[in-house]
């Protein structure tokens with residue numbers, strides 16, 4: 001297990017938004033659920049990579065096993081509360097491959113282990129049920145949830161204040 005990061009980030013989402021008012025702000029509540037921090041990094045950001053999948057984390061696992069170079073995987077899991085799309089083993093793979101974080105519009109599991117990883121993780125909820133793996137899912141799509149559009153190559157910034165999406169890099173990460 002990789003220890004929690006001591007890296008400090010040079011942003012707070014509140015300040016970024018004050019300096020860049022054109023930035024999209026994700027709704028703090030989606031279908032009665034709010035994004036929560038589950039990873040060891042409480043503030044994280046980077047260039048966006050997208051995947052859309054429903055109750056199948058095959059593409060999540062595949063992507064997080066490739067070089068991340070400080071990017072953030074944004075997963076549109078359709079807000080499913082029936083199974084997790086990320087757990088400790090896939091999270092460890094993400095750390096090994098240099099991903100900055102993962103944002104899941106859905107659930108995660110193994111939350112105690114995820115909290116010890118040098119990885120930003122935000123999701124709607126936790127559930128112990130793992131997902132099915134049938135090879136389903138699409139990558140490289142523009143995603144829409146929480147009142148924002150998130151395209152591959154956008155930049156995303158997340159901390160305990162919320163999640164911001166920008167078409168351009170707002171700060172050095």
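Readers should treat all values here as calculations from the given coordinates under stated rules, not as data from a laboratory. Everything quoted here is computed from the prediction, not taken from an experiment. A quick note on method: Cβ atoms are made from the backbone with ideal geometry, for glycine too, and the neighbour counts reach across all protein chains shown.
Modelled label positions at residue 14 and residue 36, each set 7 Å beyond Cα in the direction of Cβ, lie 2.2 nm from each other.
Between residue 96 and residue 29, the FRET efficiency from the beta-carbon distance, with R0 = 22 Å, is close to 0.05.
Grab the Cα-Cα distance for residue 113 and residue 69, subtract it from 0.36 nm times how many residues apart they are, and report the gain in nm with one decimal.
13.6 nm is the gain from fully extending residue 113 to residue 69.
Run lengths n ≥ 4 of DSSP H only: what is the helix-derived mean residue ellipticity at 222 nm for the chain, with -39500 (n - 2.57) per run over all residues, to the nearest 500?
So the calculated ellipticity at 222 nm is -4000 deg cm²/dmol.
Across segment 94-173, the convex hull enclosing all Cα atoms gives 134 Å³ per residue. Counted over segment 37-128, the DSSP beta bridges are approximately 5% antiparallel.
I want to verify a result. In a Gaussian network model of the chain, Cα cutoff 10 Å, which of these has the top mean-square fluctuation: 80, 149, 29? Between 80, 149, 29, it is 29 that shows the largest mean-square fluctuation.
Using the Cα atoms of segment 13-166 to build a convex hull, what is its mean projected area in square nanometres?
Values: hull surface 30.7 nm².
The directionally averaged projection comes out at 7.7 nm².
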